[in-house]
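Written out below as structure tokens is the structure these notes cover.
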Ligand code: INI
């Protein structure tokens with residue numbers, strides 16, 4: 001039987017940075033609530049979490065890179081809501097946010113989690129930021145699993 005390596009979903013002993021976009025904050029604040037709820041319910045303490053607010057999702061990668069390179073956090077959770085309007089703006093913002101977040105994770109070596117929702121309309125955004133289905137909660141769950149997986153990987157630094 002091959003050895004299977006995976007992470008557990010628990011926050012105890014880890015430090016988390018959360019970056020949240022203020023644009024569409026009626027949605028992104030709900031994502032933040034979901035993420036904080038997930039972390040606290042899995043053993044995080046207030047002192048282990050820092051929340052940084054940025055103007056829009058486009059600004060997330062810049063701050064994510066700064067925070068990741070500071071080596072202060074075990075994982076960074078990025079939260080935002082990009083809602084499609086009638087212009088190509090949506091495509092630029094969502095693709096730069098996704099690309100920048102992925103690049104930051106690869107370059108820094110710490111998990112940087114994509115919790116930016118991209119939707120066609122407000123209704124879809126509300127649906128993904130609710131009490132039952134909350135992408136902020138999901139992003140925090142992914143962050144916890146990834147930090148634990150990093151610890152369990154049998155690799156030298
Ligand atoms: N930022 C978002 O996070 N979501 C959006 O839907 C959005 N729209 O639609 O424009 C948005 N724009 C602001 C953008 O992220 C930057 O803050 C701005 O372009 C300045 O760089």
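Observations
- Filtering segment 48-61 for residues that are free of Cβ contacts under 8 Å to residues at least 24 places away in the same chain and surrounded by fewer than 18 Cβ atoms within 10 Å (Cβ to Cβ) leaves an empty set.
- Residue within segment 4-22 that is assigned to a helix (DSSP H, G or I) and either free of Cβ contacts under 8 Å to residues at least 12 places away in the same chain or crowded, with 20+ Cβ neighbours inside 10 Å (or both) present: no
- Check on residue 77, modelled with pLDDT of 95 or more and over 30 Å from residue 154 (Cβ atoms): no
- Residue 105 falls short of the stated requirement of being within 12 Å of the chain's Cα centre (by Cα), within 16 Å of the ligand (Cβ to nearest atom), assigned to a helix (DSSP H, G or I) and crowded, with 16+ Cβ neighbours inside 10 Å.
- Single residue of segment 108-136 satisfying the filter (farther than 18 Å from residue 61 by Cβ and assigned to a strand (DSSP E or B)) that is nearest to the ligand (Cβ to nearest atom): 119
- Residues in segment 56-92 that are within 6 Å of the ligand (Cβ to nearest atom), part of a helix (DSSP H, G or I) and under 19 Å from residue 29 (Cα atoms): 57, 58, 59.
- Against the conditions (1) modelled with pLDDT under 95; (2) closer than 20 Å to residue 60 by Cβ; (3) out of contact with any strand residue (DSSP E or B) (no Cβ under 8 Å at 6 or more places or on another chain), residue 141 satisfies every one except (1).
The values are calculated or read from the model by the stated rules, or taken from the named source; none is laboratory data. The structure displayed is predicted, hence computed values, not measured ones. Cβ coordinates were reconstructed from backbone atoms using ideal geometry, including for glycine residues, and neighbour counts include every protein chain displayed.
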